[in-house]
């Protein structure tokens with residue numbers, strides 16, 4: 001399946017005089033767990049709200065699941081969305097909420113939802129407000145998954161959870177991806193735990209897409225060079241994304257393939273997702289937009305300094 | 001672990017469930033006819049849902065709680081049941097810096113060398129690995145593909161991935177020669193003033209270069225998304 005689960009072109013959203021999201025063009029292919037990363041206020045929630053149809057774009061357009069306009073009935077049927085802080089009706093029980101959600105949605109898989117709550121040991125009669133944070137998140141996820149979506153959108157799903165609950169929550173999400181082929185787009189700013197989870201990265205910064213691409217491709221085309229600081233300024237072999245230097249030694253994150261020749265006296269190391277994302281976050285002017293946003297200059301902007 | 005209702009159960013699980021029914025019988029919660037009926041149903045149960053149904057009306061006090069239904073023998077903290085079929089269970093070292101898929105590959109190779117895995121054995125199912133480690137399904141698929149490329153495993157449609165071949169060790173005489181050569185190198189390094197940490201650092205660095213030169217061409221993720229479709 002080669003469709004895109006989210007496709008945006010020239011997408012923008014303005015609140016008053018402030019652009020929360022600007023000139024956003026991207027295409028997230030199906031079959032991935034895509035991480036939407038960026039500092040607070042980068043536009044993550046705005047982008048997700050536009051994609052699920054909770055907000056209207058000021059400029060441009062966004063479609064989901066192979067060209068269905070965001071917010072259209074066809075789009076809504078295939079998407080499930082869990083908003084920030086997993087909002088639930090705190091005075092309703094899990095069982096009540098299943099009943100309610102089943103009546104408000106087409107194609108709600110009630111037996112699946114009940115079985116899942118039983119599996120999780122969530123008492124169906126207890127009010128949502130009395131459940132633990134992890135159970136509340138799992139309840140919200142259950143309601144979302146029981147709609148049997150093709151695309152699951154999660155906005156900061158783990159922000160409030162302890163480590164064990166995070167692990168279990170992500171295990172649930174990833175199992176849905178493995179078993180039912182659900183595509184997932186989730187926003188987070190906890191880079192370390194995305195490393196094993198995400199295989200597609202979208203990095204937003206100041207309302208624009210800074211990096212987008214398959215994680216493996218991104219990691220294969222970036223390396224960390226470590227060598228003498230005196231030579232760091234004269235290094236022009238490959239585009240430098242970010243440089244860190246001390247008196248004697250310098251680290252350069254460069255765009256270069258693994259088999260790229262290493263300059264003498266320099267040592268090359270592969271980079272991880274967290275290191276890569278951090279480097280770009282520190283250099284908001286650098287960009288890596290392979291594949292998807294072809295409308296823009298595919299070559300990265302050389303970082304300053 | 002959350003939607004394992006449809007998973008098929010083993011004889012060991014059926015027996016464990018019968019044992020728990022016996023406890024309920026002993027405690028007076030079930031009469032003889034009910035007990036016989038339920039044990040009969042346990043013995044012919046096909047899925048976990050069937051087994052769980054047997055405890056639907058039984059109190060959780062005095063006997064193990066129903067969620068503690070045997071999970072294929074392995075305890076998987078925070079994660080899913082291990083497929084009853086596989087003799088091994090993966091773990092992850094997040095601090096090692098080794099890519100996740102490679103860690104899985106190494107663990108299978110290691111288990112083969114140590115005899116935990118033999119030809120014909122089944123590797124854990126993709127969904128079970130995903131559920132227990134909370135990692136991306138494509139990562140598991142990539143590891144399994146790598147093992148298949150190496151000729152160590154073969155996928156059987158609809159069943160899973162199975163060990164196909166053992167790992168041939170380097171013949172022993174060669175091993176002795178290699179060891180001697182390495183000892184010679186260590187002696188030279190020591191004479192040159194390198195301490196043990198220095199030797200390890202140098203060896204690790206050289207090994208990394210060697211690894212990169214040999215296995216530099218990494219499979220690209222383009223194909224991975226297509227594979228996901230085959231998982232369900």
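The values are calculated or read from the model by the stated rules, or taken from the named source; none is laboratory data. Small disclaimer: the values here were computed from a predicted structure and weren't measured. So basically every Cβ, Gly included, is an ideal-geometry build from the backbone, and we count neighbours across all protein chains shown.
A few points about this structure:
- Scoring residue A:217 on the criteria (1) closer than 30 Å to residue A:80 by Cβ; (2) touching a strand residue (DSSP E or B) at 6+ places or on another chain (Cβ under 8 Å); (3) within 14 Å of another protein chain (Cβ to nearest Cβ); (4) in contact (Cβ under 8 Å) with a residue 40 or more places away in the chain leaves a single failure, condition (2).
- Reported count of residues in the range B:68-125, each being under 19 Å from residue B:151 (Cβ atoms), at pLDDT 85 or above and more than 10 Å from every other protein chain (Cβ to nearest Cβ), is 18.
- Consider the range B:98-116 and keep the residues that are over 13 Å from the mean Cα position of the chain (by Cα) and in contact (Cβ under 8 Å) with a residue 24 or more places away in the chain. The one that is surrounded by the fewest Cβ atoms within 10 Å (Cβ to Cβ) is B:113.
- Of all residues in the range A:177-193 being surrounded by fewer than 23 Cβ atoms within 10 Å (Cβ to Cβ) and within 10 Å of chain B (Cβ to nearest Cβ), the one that is nearest to residue A:281 (Cα to Cα): A:192
- Restricting the range A:104-126 to residues that are assigned to a helix (DSSP H, G or I) and exposed (fewer than 14 other Cβ atoms within 10 Å of the Cβ), the residue that is farthest from the other protein chains (Cβ to nearest Cβ): A:104
- Residue in the range B:198-227 that is modelled with the lowest pLDDT, counting only those that are touching a strand residue (DSSP E or B) at 6+ places or on another chain (Cβ under 9 Å) and over 21 Å from residue A:199 (Cβ atoms): B:212
- Here residue A:245 fulfils each of the conditions (1) touching a helix residue (DSSP H, G or I) at 6+ places or on another chain (Cβ under 8 Å); (2) in contact (Cβ under 8 Å) with a residue 40 or more places away in the chain; (3) over 20 Å from residue A:154 (Cβ atoms); (4) more than 12 Å from chain B (Cβ to nearest Cβ) apart from (2).
- Of the listed requirements (1) within 13 Å of the chain's Cα centre (by Cα); (2) more than 14 Å from every other protein chain (Cβ to nearest Cβ), residue A:237 misses just one: (1).
- Qualifying positions in the range B:126-168 - surrounded by fewer than 24 Cβ atoms within 10 Å (Cβ to Cβ), assigned to a loop (DSSP other than H, G, I, E, B) and within 12 Å of chain A (Cβ to nearest Cβ): none
- Within the range A:74-86, one or more residues are touching a strand residue (DSSP E or B) at 6+ places or on another chain (Cβ under 8 Å) and over 22 Å from residue A:174 (Cβ atoms).
- Among (1) in contact with a strand residue (DSSP E or B) (Cβ under 8 Å, 6 or more places away or on another chain); (2) modelled with pLDDT of 85 or more; (3) under 27 Å from residue A:52 (Cβ atoms); (4) within 14 Å of chain B (Cβ to nearest Cβ), the one test that residue A:196 misses: (1)
- A single member of A:101, A:142 is modelled with pLDDT under 90 and assigned to a helix (DSSP H, G or I), and it is A:101.
- Restricting attention to the range A:153-172, the residues that are free of Cβ contacts under 8 Å to residues at least 24 places away in the same chain and in contact with a helix residue (DSSP H, G or I) (Cβ under 6 Å, 6 or more places away or on another chain) add up to 1.
- Some residue of the range A:207-222 being farther than 25 Å from residue A:65 by Cα and either in a strand (DSSP E or B) or touching a helix residue (DSSP H, G or I) at 6+ places or on another chain (Cβ under 9 Å) (or both): yes
- Residue count for the range A:154-176, restricted to those that are crowded, with 22+ Cβ neighbours inside 10 Å and more than 17 Å from residue B:136 (Cβ to Cβ): 1.
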